[in-house]
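First the structure, in the form of structure tokens, and then the observations on it.
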Amino acid sequence: MKKSKNSKITVVIIMAVMVGLLGFNNLFSPVGLSTPGMALSEIMNSCVEHNTKFSFRIYPRLRILIEGKEQPIPANIGVEPNCMKPVHTYDETGTIHIEAKEPIGIPLGEFFRLWGKGFSRNQILDAVRDAEHEVVMLVNGSPSEEFGNLIMQSGQEIVIEHRKISKDKN
């Protein structure tokens, strides 16, 4: 009897720890920091008021190079008449503004979706990977394979490049 009771207690403790860890992880993961009850698509389709005092503001910077030539990031991506999306640009510097009342984790792919441009490990804008070209992404100077799944953060320097594959590579 004692062994059975100890086994039940052990199972209950393990379950409580697992639930606690899963809940804790969701609380602090970037996507878990989204506005409670709102899906990412709802957040991205919502409008923010320009004069609102946002408690959450981040500003990653994006550069796109195709065959070594810098591509412009247009002003006013995510800005429509009477609606400014939580993810937007004000100018052509490549600075992406993410502004919200609460912390949110926005993947880089959402910016490209909002812009209406192609982006993946196989494509940047209209340039595609082929036998002679590759698409690479650097985040703060380090290679990244996250591409559209990269959660944007303040101060990030994101460089996406479509370039010829080096003949030195095997």
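Throughout, read-outs are computed from the coordinates displayed, never taken from laboratory work. Bear in mind that the values here come from a model prediction, so they are computed numbers and not experimental data. Cβ placement follows ideal geometry from the backbone for every residue including glycine, while neighbour counts extend to all protein chains displayed.
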From the residues Pro86, Ala75, Phe54, which one has its Cα farthest along the dipole of the stretch 52-91 in the positive direction, the dipole being from +1 and -1 charges on Cβ of Lys/Arg and Asp/Glu about the Cα centre? Phe54
If you stretched the chain out fully between Phe56 and Glu132, how much longer would it get, using 0.36 nm times the residue separation minus the C-alpha to C-alpha distance? 23.2 nm
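Report the charge-dipole magnitude of the stretch 32-138 in Debye, nearest 20, computed about the Cα centre from +1 at each Lys and Arg Cβ and -1 at each Asp and Glu Cβ.
With only Lys, Arg, Asp and Glu charged at Cβ, the dipole is about 280 debye.
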Quick one: grab the alpha carbon gyration tensor of the stretch 109-161, order the square roots of its eigenvalues as a ≥ b ≥ c, and give me rounded if a/c is under 1.5, else prolate or oblate depending on whether a/b is larger than b/c. oblate
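Order of 65-75, 121-131, 104-114 by packing, highest average Cβ count within 10 Å first?
The packing order, highest mean first, is 104-114, 121-131, 65-75.
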